[in-house]
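Data first, discussion second: the structure below is written as structure tokens.
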Ligand SMILES: [Zn+2]
């Protein structure tokens with residue numbers, strides 16, 4: 001005999017109350033939060049416009065409530081998505097933050113021959 005799974009939504013779930021449809025011996029269902037979509041406009045010559053969606057999802061069956069996962073999807077239509085554990089998502093967020101910091105803190109490149117406007121070094125007046 002198995003205990004009925006609590007069908008109540010976690011606080012982050014943005015689906016309607018009572019949305020969870022779990023068959024006793026069948027497939028489970030997901031609590032889902034679309035959470036956030038980041039639009040990525042086109043960068044000419046580098047990437048087409050697209051979007052990154054970060055969502056929270058939690059699979060629930062009649063016998064098991066699985067740990068929530070962070071779903072990372074890239075693409076506008078029918079995006080590829082990857083589910084990450086909370087620790088993996090945390091590691092990814094830390095890695096992204098460190099990469100951004102490293103790139104922002106790096107000294108400016110020498111001016112290219114493609115017409116980039118050189119900036120005066122910090123502390124010097126033009
Ligand atoms: Zn829910």
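Counting only residues that are modelled with pLDDT under 95 and surrounded by fewer than 16 Cβ atoms within 10 Å (Cβ to Cβ), how many does region 67-79 have?
Residues that pass the stated criteria total 6.
Filter region 72-88 down to the residues that are in contact (Cβ under 8 Å) with a residue 12 or more places away in the chain and part of a strand (DSSP E or B), then identify the one that is nearest to the chain's Cα centre (by Cα).
This residue is 72.
Within region 80-87, does at least one residue satisfy the condition of being modelled with pLDDT of 70 or more, surrounded by fewer than 10 Cβ atoms within 10 Å (Cβ to Cβ) and over 30 Å from residue 31 (Cα atoms)?
The answer is no, given that none of the residues of region 80-87 is modelled with pLDDT of 70 or more, surrounded by fewer than 10 Cβ atoms within 10 Å (Cβ to Cβ) and over 30 Å from residue 31 (Cα atoms).
Give region 28-48 a look and list any residue that's assigned to a loop (DSSP other than H, G, I, E, B) and closer than 16 Å to residue 15 by Cα, or say none. Can you show your working first?
If we filter region 28-48 for residues that are assigned to a loop (DSSP other than H, G, I, E, B), which is where we start, we get 28, 41-42, 44-46, 48.
Residue satisfying the conditions is 28 alone.
Which one of these is surrounded by fewer than 10 Cβ atoms within 10 Å (Cβ to Cβ), in contact (Cβ under 8 Å) with a residue 12 or more places away in the chain and either away from the ligand (no atom under 12 Å from the Cβ) or part of a loop (DSSP other than H, G, I, E, B) (or both): 51, 55, 25, 7? Break it down into steps so the answer makes sense when it comes.
Numbers: 51 fails: surrounded by fewer than 10 Cβ atoms within 10 Å (Cβ to Cβ); 55 fails: surrounded by fewer than 10 Cβ atoms within 10 Å (Cβ to Cβ); 7 fails: surrounded by fewer than 10 Cβ atoms within 10 Å (Cβ to Cβ).
The match here is 25.
Residues that are away from the ligand (no atom under 16 Å from the Cβ), at pLDDT 90 or above and within 17 Å of the chain's Cα centre (by Cα): does region 58-65 have at least one?
No, there is no match, as no residue in region 58-65 is away from the ligand (no atom under 16 Å from the Cβ), at pLDDT 90 or above and within 17 Å of the chain's Cα centre (by Cα).
The values are calculated or read from the model by the stated rules, or taken from the named source; none is laboratory data. Note that the coordinates shown come from a computational prediction; the quantities given were computed from them, not determined experimentally. Cβ atoms come from the backbone with ideal geometry, glycine included; neighbour counts cover every protein chain shown.
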